[in-house]
Amino acid sequence: MKKRGFEIAKGWEDKDIHLPVRKTKGSAAYDVEAAIDMVIPPYKPGIKPSLIPTGLKAYCKDDEWYMLVNRSSGPKKGFFMPNSIGVVDSDYYENENNDGHFYFQYYNFNNEDLVIKKGDIIGQVIFQKFLTIDNDNATGERKGGFGSTDNIK
C-alpha cells in the first residue's frame, strides 16, 4: 500500500522529469526542480505571479497534506511566493482538472528578468499530518484542481 510519494503527472511522462529527493538524512523537505525553461519578469503592481510547472503530482494519506515552500536561497535570488506556502490537500492527487500536477508560484523582486532553467531547484515539498476538531463534518468531494475547494458546498 502506498503511503506518500511523487509521480510524474499526465502529459509529462516523456519530458525527463526527476522525482524529488532529500539531499541528507536530516532534511525535512524534498527538493523540486523546474520542468521547463522560463523567464519570470520583474514584479510590477497588478502583475500575477508566475506559475512554474513541476511535471509532478504527489500522493499522501487522507489525514495528510503537503506544503510547497521556497528554498532558503529563494529570497537571496529575488523570488518570493505570494502565499508564503502552498497548501496541497490529499484529494488534489489525480483530480479531474489537472491530474494533481502541482506548480510553484513566484514573484520576481529583482530589477531584471529571472531566468529559470529546466532542472533548477525551485522549491521544496514537506509532508505533514493534520488534525480535525470535534464535530468535524466535512463531506465535500473535490471536483477540480487549483482553487477548486472554493466551489464545494
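A few notes on this one:
- Residue in the range 69-82 that is under 19 Å from residue 4 (Cβ atoms) and of a type outside the set (A, V, I, L, M) present: no
- Selection count, the range 33-87, where residues are part of a strand (DSSP E or B), free of Cβ contacts under 8 Å to residues at least 60 places away in the same chain and within 18 Å of residue 126 (Cα to Cα): 11
- Within the set 32, 21, 69, the sole residue that is hydrophobic (A, V, I, L, M, F, W, C), out of contact with any Cys (no Cβ under 8 Å at 6 or more places or on another chain) and surrounded by fewer than 19 Cβ atoms within 10 Å (Cβ to Cβ) turns out to be 21.
- Residue 125 being in a strand (DSSP E or B), over 17 Å from the mean Cα position of the chain (by Cα) and modelled with pLDDT of 90 or more: no
- Boolean, residue 96 is modelled with pLDDT under 95, touching a Gly at 6+ places or on another chain (Cβ under 8 Å) and either in a loop (DSSP other than H, G, I, E, B) or not β-branched (Val, Ile, Thr) (or both): yes
- Among the residues listed as 104, 79, the single one being within 24 Å of residue 16 (Cα to Cα) and buried (at least 18 other Cβ atoms within 10 Å of the Cβ): 104
- Flag for residue 77 being of a type in the set (Lys, Arg) and farther than 30 Å from residue 132 by Cα: yes
Table: residues versus (1) out of contact with any Pro (no Cβ under 6 Å at 6 or more places or on another chain); (2) closer than 22 Å to residue 111 by Cβ; (3) at pLDDT 95 or above.
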residue	(1), (2), (3)
13	yes, no, yes
16	yes, no, yes
20	yes, no, yes
23	yes, no, no
26	yes, no, yes
29	yes, no, yes
40	yes, yes, yes
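- For the criterion of being of a type in the set (D, E, K, R) and over 19 Å from residue 132 (Cα atoms), residue 64 fails.
- Check on residue 55, at pLDDT 95 or above and out of contact with any strand residue (DSSP E or B) (no Cβ under 9 Å at 6 or more places or on another chain): no
- Selection within the range 82-100 - surrounded by 16 or more Cβ atoms within 10 Å (Cβ to Cβ) and among the small types (Gly, Ala, Ser): 86, 90, 100
The values are calculated or read from the model by the stated rules, or taken from the named source; none is laboratory data. Remember, it's a predicted structure, so these values are computed and weren't measured experimentally. Counting neighbours? That spans all protein chains shown, and the Cβs are built from the backbone with ideal geometry, glycine included.
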